[in-house]
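The values are calculated or read from the model by the stated rules, or taken from the named source; none is laboratory data. Note that the structure is a prediction, hence the values are computed from the model and not measured. We place every Cβ from the backbone using ideal geometry, glycine too, and count neighbours over all the protein chains shown. Just so you know, the surface numbers come from the protein's heavy atoms only, side chains and all, with ligands and any DNA or RNA stripped out. Shrake-Rupley method; radii C 1.70, N 1.55, O 1.52, S 1.80 Å.
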Amino acid sequence: MKSKEYIEHTEQAVLHTYNRFPVVFEKGEGVYLKDVDGKEYLDFGAGIAVFALGYGNKEYEAALENQLKKVIHTSNLFYNVPLMEAAEKLRKASQMDKVFFTNSGTESIEGAIKTARKYAYLKDGRTDHEIIAMNHSFHGRSLGALSVTGNPHYQEAFKPLIGGVKFADFNDLESVKAQVTDRTCAIILEAVQGEGGIYPVTSEFLEGVRRICDEKDILLILDEVQCGMGRTGSYFAWQQYGVKPDIMACAKALGCGVPVGAFVLNEKTAKSSLVPGDHGTTYGGNPLACAAVSKVFDLFEELDLIGNVNKVTPYFEKKLDELVEKYDFLTARRGKGFMQGIVVTGRPVGEIVKSALDHGLVVLSAGSDVIRFVPPLVITEQDIDEMVERLEASF
Ligand SMILES: *Cc1c(COP(=O)(O)O)cnc(C)c1O
């Protein structure tokens, strides 16, 4: 067991901010991961909804190698070709207008918040604008992103957070209306709440929030960091609702493992918000990250990954529904596309996740009681059968 030693050394050196499972992954191939002891795992976690392509995609690797040999970093003081390509492809996929590349989802949220505040500031010169965020949301761990994350447990020790944030209940339009004032500059939400426990937004709610935003010239920020990039059956989940955000945050599967995120603005917002000097990043949009993003978009089209999500989802949902039927401690399924959750009652979900690992299956948890399934977007019906087999064995 090589892993035991690696784990001990890691725990000595790395700050203990995660209760990691005792597995040291070394290598990936398709939808499988291998650990340093040679054990194989079927991966329905994809590095937390990141590795959409499946591991070992040759074209993806070649694109990165190719860029690696040219140049991996130049800074934003200059132009580079992958930046142009990645931005054009993200623009096309989102049908939005202007892109700012970041290094993570959290940073995309930071950029979105700053954009919204600047937009409102240019309108009325005030510096006391408010943002409405949702209970049980998750937007990241920096102070700005944490401030709009509706989870008091994550926030408590780090107060004071940024001011002017109010919380409403997800999928409860009246609770949003009750928080709107003449200082509200933005409403932020996930189209499918991820960390909070896999809750898809209702059409009625999203349309209602859009209507409030339109009436009062409030910006709608949609956090597509987890539910975006094809996972729910369209590039971005909001595209299935016919409701467009003013600002969208992405990351996770955007670079399929290379650390990159983006916030994307519509023309109205871009025209009247951030200008040179307002926002920046040394790494953001560097040629290596953008070569990854650019190739990811090509491969999404070539492999028709979104087509695969839509084709396989009914089977995936059927199989999960059967599990809920069969086991008393599984009480509900929720989700959209390849972002699914099963609610566990009367058994700690962490134990199920751990037992699944013992049986060669990676699944994640979400919220306090949900098994989360966010597989690579390349999975087939056979992969689902195998997942179900291993999960049942682990029960
Ligand atoms: C993961 C996540 C984030 C934070 O992204 P990081 O890359 O971890 O900074 C923000 N929003 C949502 C919805 C996420 O799932």
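Points worth noting:
- Number of the condition not met by residue 140 [criteria: (1) on the phi < 0 side of the Ramachandran plot; (2) within 12 Å of the ligand (Cβ to nearest atom); (3) in contact with a helix residue (DSSP H, G or I) (Cβ under 9 Å, 6 or more places away or on another chain)]: (1)
- Unmet criterion (only one of (1) in contact with a Leu (Cβ under 6 Å, 6 or more places away or on another chain); (2) aromatic (Phe, Trp, Tyr); (3) open to solvent by 10 Å² or more (accessible area, probe 1.4 Å)) for residue 205: (3)
- Top-ranked residue of the range 94-113 - restricted to ones that are among the β-branched types (Val, Ile, Thr) and either within 16 Å of the ligand (Cβ to nearest atom) or modelled with pLDDT under 95 (or both), ranked as farthest from residue 250 (Cα to Cα): 113
- Selection of the range 184-194 for residues being polar (S, T, N, Q) and either without any contact (Cβ under 8 Å) to a residue 40 or more places away in the chain or more than 16 Å from the ligand (Cβ to nearest atom) (or both) yields only 184.
- Residues that are more than 14 Å from the ligand (Cβ to nearest atom) and either of a type in the set (S, T, N, Q) or surrounded by 15 or more Cβ atoms within 10 Å (Cβ to Cβ) (or both), drawn from the range 163-172: 164, 165, 166, 167, 168, 169, 171, 172
- For the range 259-302, the tally of residues that are within 16 Å of the ligand (Cβ to nearest atom) and in contact with a Cys (Cβ under 9 Å, 6 or more places away or on another chain) stands at 8.
- The residue of the range 208-241 that is surrounded by the most Cβ atoms within 10 Å (Cβ to Cβ), among those that are among the charged types (D, E, K, R) and away from the ligand (no atom under 16 Å from the Cβ), is 210.
- When residues of the range 114-137 are limited to those that are open to solvent by 10 Å² or more (accessible area, probe 1.4 Å) and within 16 Å of the ligand (Cβ to nearest atom), the one farthest from residue 164 (Cα to Cα): 136
- Here the range 256-290 is the region considered, the condition is being assigned to a loop (DSSP other than H, G, I, E, B) and free of Cβ contacts under 8 Å to residues at least 60 places away in the same chain, and the residue that is surrounded by the most Cβ atoms within 10 Å (Cβ to Cβ) is 275.
- Strands (runs of 3 or more DSSP E) enclosed by the range 15-113 - at least 3 residues per element that are over 27 Å from residue 265 (Cα atoms) and not aromatic (Phe, Trp, Tyr): 25-29, 32-35, 40-43
- Residue check for residue 197: in contact with an Asp or Glu (Cβ under 8 Å, 6 or more places away or on another chain), away from the ligand (no atom under 16 Å from the Cβ) and either without any contact (Cβ under 8 Å) to a residue 24 or more places away in the chain or on the phi > 0 side of the Ramachandran plot (or both): no
- The one condition in (1) within 15 Å of the chain's Cα centre (by Cα); (2) crowded, with 24+ Cβ neighbours inside 10 Å that residue 197 fails to fulfil: (2)
- Scanning the range 145-203 for residues that are under 23 Å from residue 117 (Cβ atoms) and of a type in the set (D, E, K, R) returns 159, 166, 177, 182, 183, 190.
- Subset tally (residues that are more than 17 Å from the chain's Cα centre (by Cα) and of a type outside the set (Gly, Ala, Ser)) for the range 136-150: 1
- The set of residues from the range 247-258 being touching a Ser or Thr at 6+ places or on another chain (Cβ under 8 Å) and either over 12 Å from residue 99 (Cα atoms) or within 12 Å of the ligand (Cβ to nearest atom) (or both) comprises 248, 249, 250, 251.
- Being more than 16 Å from the ligand (Cβ to nearest atom) and over 24 Å from residue 180 (Cα atoms) is a property that holds for residue 310.
- Selection of the range 264-303 for residues being of a type in the set (Val, Ile, Thr) and closer than 19 Å to residue 79 by Cα yields 264, 275, 281, 282, 293.
- The condition of being over 17 Å from residue 377 (Cα atoms), touching a strand residue (DSSP E or B) at 6+ places or on another chain (Cβ under 7 Å), surrounded by 15 or more Cβ atoms within 10 Å (Cβ to Cβ) and modelled with pLDDT of 95 or more does not hold for residue 3.
- Residue in the range 126-135 that is of a type outside the set (A, V, I, L, M, F, W, C) and part of a helix (DSSP H, G or I) present: no
- Exactly one residue out of 149, 106 is surrounded by 16 or more Cβ atoms within 10 Å (Cβ to Cβ), within 30 Å of residue 300 (Cβ to Cβ) and without any contact (Cβ under 8 Å) to a residue 24 or more places away in the chain: that is 149.
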